[in-house]
Amino acid sequence: MKLLIQRVTEASVTIEGKVHGSIGKGYMVLVGCCTGDTEADVVYLAEKLASLRIFEDDSGRMNQSIKQIDGEVLLISQFTLYADTRKGNRPSFVNAGDPATAKELYEKFIENMRLLLGENKVATGSFGADMKVALINDGPVTIELCSDSCSWHKK
């Protein structure tokens, strides 16, 4: 499982012309699942994301977590995080998780984040939908987190 995290001052996702989810200060997170991901990956990455210290403290150092700043999270499913571009010019997505399993893991990730941060602190997109994401990247700060279950990209 892979997360691409952007620290934002605000973010929103629009589906079919209507805002589906929006947040203020926090993280806009693209969530990708690959073949072999399990609930253990979900739990590990949810806890890691909730504890990740990339917000500035009073000294200007990245030393505070999303929980410490009372921030929000916008979670967007994104199978293209597992694009394999090692051969040719057209990405292959064979390593992305099958849609049924990926949707289940994405929904479990949402549940875990709501347990860790609070129900009202987590907004989402819609799995498989055509989404328009808008954000203001703060810093900019962009971080990738991965679980160990999908190691094909390390070869």
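Laboratory data are not the source of any read-out in this text; all were calculated from the coordinates shown. None of the values given here were measured: they were computed from a predicted structure. Ideal geometry is used to build each Cβ from the backbone, glycine not excepted, and the neighbour counts take in all protein chains shown.
Assorted remarks:
- Applying the criterion of being in contact with a Ser or Thr (Cβ under 6 Å, 6 or more places away or on another chain) and surrounded by fewer than 17 Cβ atoms within 10 Å (Cβ to Cβ) to the residues of region 13-24, the residue that is farthest from Gly71 (Cα to Cα) is Ile15.
- Meets criteria (within 19 Å of Gly24 (Cβ to Cβ) and aliphatic (A, V, I, L, M)) for Val94: no
- Screening Thr85 on (1) under 24 Å from Gly36 (Cβ atoms); (2) free of Cβ contacts under 8 Å to residues at least 12 places away in the same chain; (3) in contact with a helix residue (DSSP H, G or I) (Cβ under 8 Å, 6 or more places away or on another chain) shows it passes everything except condition (3).
- Residue tally, condition within 19 Å of Leu49 (Cα to Cα) and hydrophobic (A, V, I, L, M, F, W, C), over region 91-135: 11
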